[in-house]
Amino acid sequence: MVKNVKVKMVKIENNQECFVQLWRKLERTRRLLGGQCKRFCIRNVLKAWFGAAANDDMIWHVCHLCEQEGWNELPLPNLYPRKHRELLRAIVAVSTGISFWRIDLKALDSAYSVAFPHSTPLNVNKKKKN
């Protein structure tokens, strides 16, 4: 029987070191929720990370910013990272109180490569060649 284990929260900041920890924490939380036979969704991730602080208002703000539904099953972070990228971006914005648009995307993308070294690098904002 798997006990309800609360995931230890890291101090959330807008820098690469924090983003690496968040990417890794996201994968650990996915495994934890799977072991508890719970859905890997935004609502359950926030409740695992923030406990009682993850009230309906916080969950709504995060879901609104990342444009995803709170109960929808999330895909694997290392295989489909774009939804998770936006989720982490929204969590950092809501937790720190800074604007969603001021999150350091280069640091977030490079942190993904550190956390998942054998995955394709994430670089959504690269310029396209004409």
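Listing for the model above:
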{"item": "Options LEU87, LEU122: the member that is modelled with pLDDT of 95 or more and either within 14 Å of the chain's Cα centre (by Cα) or not in a helix (DSSP H, G or I) (or both)", "result": "LEU87"}
{"item": "Top-ranked residue in region 62-84 [being within 11 Å of the chain's Cα centre (by Cα) and assigned to a loop (DSSP other than H, G, I, E, B); ranked as nearest to LYS25 (Cα to Cα)]", "result": "PRO77"}
{"item": "Counted residues, region 73-97 - those being out of contact with any helix residue (DSSP H, G or I) (no Cβ under 9 Å at 6 or more places or on another chain) and polar (S, T, N, Q)", "result": "1"}
{"item": "Subset of region 24-61 [outside any helix (DSSP H, G or I) and either open to solvent by 30 Å² or more (accessible area, probe 1.4 Å) or over 16 Å from GLU86 (Cβ atoms) (or both)]", "result": "GLN36, CYS37, LYS38, ARG39, ALA54, ASN55"}
{"item": "Test for GLY35: is it over 20 Å from LEU122 (Cα atoms), modelled with pLDDT under 95 and not β-branched (Val, Ile, Thr)", "result": "no"}
{"item": "Test for ILE59: is it farther than 25 Å from PRO121 by Cα, modelled with pLDDT of 95 or more, within 13 Å of the chain's Cα centre (by Cα) and among the β-branched types (Val, Ile, Thr)", "result": "yes"}
{"item": "Matching residues, region 101-112, being closer than 12 Å to ARG85 by Cα and either assigned to a helix (DSSP H, G or I) or without any contact (Cβ under 8 Å) to a residue 40 or more places away in the chain (or both)", "result": "LEU105, LYS106, ALA107, LEU108, ASP109, SER110, ALA111, TYR112"}
{"item": "Count of residues meeting criterion [open to solvent by 20 Å² or more (accessible area, probe 1.4 Å), of a type outside the set (S, T, N, Q) and more than 19 Å from LYS11 (Cβ to Cβ)] in region 85-119", "result": "7"}
{"item": "One residue from ARG85, ARG43, ARG39 being closer than 19 Å to GLU17 by Cα and charged (D, E, K, R)", "result": "ARG85"}
{"item": "Output for region 64-82, where each listed residue is closer than 30 Å to PRO117 by Cβ, open to solvent by less than 20 Å² (accessible area, probe 1.4 Å) and without any contact (Cβ under 8 Å) to a residue 40 or more places away in the chain", "result": "CYS66"}
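The values are calculated or read from the model by the stated rules, or taken from the named source; none is laboratory data. Everything numeric here is computed off the predicted structure, so don't read it as measured data. Glycine gets a Cβ as well: all are built from the backbone with ideal geometry, and neighbour counts include every protein chain shown. These area figures cover heavy atoms from the full protein model, side chains too; ligands, DNA and RNA do not enter into them. Shrake-Rupley method; radii C 1.70, N 1.55, O 1.52, S 1.80 Å.
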